[in-house]
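The values are calculated or read from the model by the stated rules, or taken from the named source; none is laboratory data. Fair warning: this is a prediction, and the values are worked out from it, not measured in the lab. Glycine gets a Cβ as well: all are built from the backbone with ideal geometry, and neighbour counts include every protein chain shown. Side chains are part of the model used for accessible areas, which takes the heavy atoms of the whole protein and leaves out ligands, DNA and RNA. Shrake-Rupley method; radii C 1.70, N 1.55, O 1.52, S 1.80 Å.
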Amino acid sequence: MPSFVPGQRWISETEPELGLGIVIAVEGNRVTILYVAASDRRMYAAENAPLARVRFVKGDRIEGQDGVKILVRAVEDHQGILTYIGTDDDGLEAQLKEMDLNHFLEFNKPQDRLFTGQLDSAELFNLRHETLEHLARLDQSEMRGFLGSRTSLIPHQLYIAHEVASREAPRVLLADEVGLGKTIEAGLILHHQLITGRAERVLIVVPDPLLHQWLVEMRRRFNLKFSLFDAERMVESDSQNPFQDEQLVLASIEFFMEDPKRASDAIAAGWDLSIVDEAHHLGWSPLGSSPEYTAWEGKPFCKAKAP
């Protein structure tokens with residue numbers, strides 16, 4: 001059991017923000033600590049008090065309640081009370097008893113906690129070490145970015161998403177039958193690209209009737225908050241190119257076709273990844289292309305982002 005003496009300075013291991021405490025009473029198995037800086041008084045069981053003794057050593061600079069700072073040269077212990085001997089800022093010999101230390105000293109920094117002996121148990125250290133090792137294994141897992149979605153995945157969806165997302169610069173056409181979850185597959189690929197840092201700026205282009213469906217699906221299933229771009233958003237923006245103001249943008253094909261400048265601004269903004277739903281509306285044939293296809297044809301729409 002620690003030996004407590006009135007006048008000693010201790011700090012709380014669990015509440016270091018209380019500052020420097022001073023022992024004001026020791027009665028049986030109870031010790032009372034006064035935290036002047038926090039205007040608080042605590043009583044602890046002496047056998048298991050979460051307290052750490054404050055002991056400065058040679059070379060430390062300490063400060064008294066009168067503001068005088070001393071560079072410690074030696075420490076004397078008299079009946080459990082420490083006296084610090086050293087020199088003040090003027091180079092004069094000075095002494096300072098521990099009970100006269102500044103009450104407002106705090107020990108929140110790692111080096112301060114080490115100095116005062118606030119060391120965690122080996123069990124806690126081992127737990128943190130094992131946790132970090134487990135997180136490292138998760139970071140290297142092939143499933144990173146595919147887990148956590150609020151949906152019950154069908155095996156083929158996970159297979160397609162893994163196959164596509166493992167490519168350095170995914171460029172694919174998802175053409176499953178209706179109802180097999182192409183939106184989920186696209187969301188999985190998108191989520192993986194964002195989580196692994198391969199993409200940061202994403203543009204999703206869909207037919208106007210599907211805007212809110214995509215907005216809700218991305219938020220509800222993947223916790224991705226896309227910004228909805230429409231005519232009203234363009235009017236309210238003061239930016240020269242509003243597409244540069246957001247990282248995740250959702251807009252309709254009709255929105256771009258109403259004003260050619262919107263398409264050019266979107267292209268100029270640059271994207272790491274783009275998703276086009278109902279892509280057959282961007283028709284192409286040797287005899288001619290649809291206006292929707294022509295708006296993006298030959299443009300450097302997305303740039304590859306190194307993994």
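Structure data summary
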{"item": "Output for segment 10-28, where each listed residue is of a type outside the set (A, V, I, L, M) and at pLDDT 90 or above", "result": "Trp10, Gly21, Glu27"}
{"item": "Number of the condition not met by Ala199 [criteria: (1) out of contact with any Leu (no Cβ under 6 Å at 6 or more places or on another chain); (2) among the small types (Gly, Ala, Ser); (3) touching a residue at least 40 places away in the same chain (Cβ under 8 Å)]", "result": "(1)"}
{"item": "Residue that is touching a His at 6+ places or on another chain (Cβ under 7 Å) and not charged (D, E, K, R), where the choices are Leu20, Leu34", "result": "Leu20"}
{"item": "Strands (runs of 3 or more DSSP E) wholly inside segment 2-42 containing at least 3 residues that are open to solvent by 10 Å² or more (accessible area, probe 1.4 Å) and over 18 Å from Phe104 (Cβ atoms)", "result": "21-27"}
{"item": "Looking only at segment 152-166, and only at residues there that are of a type in the set (A, V, I, L, M, F, W, C) and in a loop (DSSP other than H, G, I, E, B), the one that is modelled with the highest pLDDT", "result": "Ile154"}
{"item": "Long-range neighbours under 7 Å by Cβ, at least six apart or interchain, first residue closer than 19 Å to Gly19 by Cα and of a type in the set (Phe, Trp, Tyr) within segment 53-74, second open to solvent by less than 40 Å² (accessible area, probe 1.4 Å) and outside any loop (DSSP other than H, G, I, E, B)", "result": "Phe56/Ile62; Phe56/Val72; Phe56/Tyr84"}
{"item": "Subset of segment 106-131 that is surrounded by fewer than 10 Cβ atoms within 10 Å (Cβ to Cβ) and under 24 Å from the mean Cα position of the chain (by Cα) - its residue that is modelled with the highest pLDDT", "result": "Pro110"}
{"item": "In segment 68-96, residue surrounded by the most Cβ atoms within 10 Å (Cβ to Cβ) [restricted to those that are farther than 28 Å from Phe4 by Cβ and aliphatic (A, V, I, L, M)]", "result": "Leu71"}
{"item": "Residues located in segment 167-186, provided they are of a type in the set (A, V, I, L, M, F, W, C), part of a helix (DSSP H, G or I) and surrounded by fewer than 19 Cβ atoms within 10 Å (Cβ to Cβ)", "result": "none"}
{"item": "Filtered residues of segment 61-78 (kept if over 18 Å from Leu92 (Cβ atoms) and not in a strand (DSSP E or B))", "result": "Gln65"}
{"item": "Among the candidates Val178, Val202, Val249, residue that is within 21 Å of Ala279 (Cα to Cα) and modelled with pLDDT under 85", "result": "Val178"}
{"item": "Residues that are within 17 Å of Pro16 (Cα to Cα) and in contact with a helix residue (DSSP H, G or I) (Cβ under 8 Å, 6 or more places away or on another chain), drawn from segment 29-41", "result": "Tyr35, Ala37, Ala38, Asp40"}
